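One structure is given below, encoded as structure tokens.
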Amino acid sequence: MRVIYVAGPFRGPSHWAIAENIRHAERLALLVWQSGGAAICPHLNTAHFQDAAPDDVWLKGDLAILSRCDAVIFTNNWRKSVGACAEHQHAIDHDIPTFYDIDTLATWIQEDVHGVSA
């Protein structure tokens, strides 16, 4: 089973905005699972940790997790996030397949499941 990292904004101007960003990533993670992949959603991993450590701690940890994944899918608003942009560059630099919509990712997962080279 392919492990897919979900990337997108976490921070926001209010707790409400952060909660919405988490929910957005969570919905995409569910679609990954429904498509046959195993989703890693860092938004859920650190959902209530705001201000508990310096920002670079979260990004370094997320990049370490991303490095162990087979691919990454980005929420539709990922470009608004400094962290997601860093995750995007990390994926590009480390030849981690990047996806921007669930249909393309689902096709890639199914090709892998059926033995077609990804």
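The values are calculated or read from the model by the stated rules, or taken from the named source; none is laboratory data. If you're wondering where the values come from, they're calculated on a predicted model, not measured in any experiment. As a convention, Cβ positions derive from the backbone with ideal geometry for all residues, glycine included, and neighbour counts pool all protein chains shown.
Could you run through the range 57-104 and say how many residues are assigned to a helix (DSSP H, G or I) and touching a Gly at 6+ places or on another chain (Cβ under 6 Å)?
Qualifying residue count, the range 57-104: 3.
Kindly provide the set of residues from the range 30-39 that are surrounded by fewer than 22 Cβ atoms within 10 Å (Cβ to Cβ) and either in a helix (DSSP H, G or I) or acidic (Asp, Glu) (or both), ordered by number.
Within the range 30-39, 30, 31, 33, 34 qualify.
Residue pairs, Cβ under 6 Å, 6 or more apart or interchain, first in the range 54-83 and under 18 Å from residue 25 (Cβ atoms) and aromatic (Phe, Trp, Tyr), second surrounded by 12 or more Cβ atoms within 10 Å (Cβ to Cβ) and modelled with pLDDT of 95 or more. List them.
Within 6 Å, the pairs are 74/7; 74/100; 78/7; 78/8; 78/84.
Would you mind stating whether residue 83 is closer than 25 Å to residue 20 by Cβ and at pLDDT below 95?
yes
Looking for something hydrophobic (A, V, I, L, M, F, W, C), surrounded by fewer than 12 Cβ atoms within 10 Å (Cβ to Cβ) and modelled with pLDDT of 95 or more - is there at least one such residue anywhere in the range 57-73?
yes
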